[in-house]
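See structure below.
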């Protein structure tokens, strides 16, 4: 079994600014409620991340906030680089593999994600080359690997319903093995949020 210290958990978050987060959700609930919802999703993500035994690297979208609830005691903080999502994840995984041999990345908008599922992802990587957590919209809420393979983030049509299928096709072309976690829903629209029944002030 892998030493948990060799496990690295990467998390991408957006700096919570009014009018700049969950913009599709905001079209029906308004910017202020969308911001409150995103903050609650961030807190959920922080709590489940802290419950995972791994080195934790946190990547901010705009600037590094050392005074927020993501304590530097638990998270090493970085700024996401310029470029599309693929380029940003390549950079993050590169940093992750400088610190460990089993690296998983998550976002901050999946209320169904749990520390148990993240631990399962790391366990899968003891036997498989890749692990992926499919999102119901055709993307994924989690991806992990046990060797740095930047090709899985290249030439992907991001923010479409083909992200997962394109990624799995690349993994197949690389002749690598992959495990899948249960499918979950990201929060992009009001209907996604309502089905979880969370309350936000």
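Each reported figure results from applying straightforward, stated rules to the coordinates on display, with no laboratory input. Keep in mind that what you see is a predicted model, and the values were worked out from it rather than measured. So basically every Cβ, Gly included, is an ideal-geometry build from the backbone, and we count neighbours across all protein chains shown.
In the chain, the calculated helix contribution to ellipticity at 222 nm averages -10500 deg cm²/dmol per residue, counting -39,500 (n - 2.57) for every DSSP H run with n ≥ 4. With respect to the chain, whose longest principal axis is taken over its alpha-carbon atoms, helix 85-99 is tilted by about 60°.
Ranked by the mean number of other Cβ atoms within 10 Å of their residues, highest first, the peptides 14-22, 66-74, 115-123, 129-137 come out as 129-137, 115-123, 14-22, 66-74.
For the pair residue 66 and residue 53 in one chain, pulling the backbone fully straight at 0.36 nm per residue adds 2.5 nm over the alpha carbon distance.
For the chain, the longest principal axis of the C-alpha atoms and the axis of helix 115-124 are separated by about 20°. Going from the fewest other Cβ atoms within 10 Å to the most, the residues 8, 103 appear in the order 8, 103. For the chain, averaging the sequence separation of C-alpha pairs within contact (under 8 Å, six or more residues apart) and dividing by the residue count gives a relative contact order of 23 percent.
The angle separating the long axis of helix 31-50 from the principal Cα axis of greatest extent in the chain is about 40 degrees.
Summarising the strand pairing of the stretch 4-194, around 30 percent of its internal DSSP beta bridges are antiparallel. Taking the chain as a Gaussian network of alpha-carbon nodes connected by springs under 10 Å, the highest mean-square fluctuation of the residues 125, 57, 79 belongs to 79. Simple spin-label estimate for residue 77 and residue 32 gives 2.7 nm between the two label positions (7 Å along the Cα-to-Cβ direction from each Cα).
By other beta-carbon atoms within 10 Å, ranking 167, 162 with the fewest at the front produces 162, 167.
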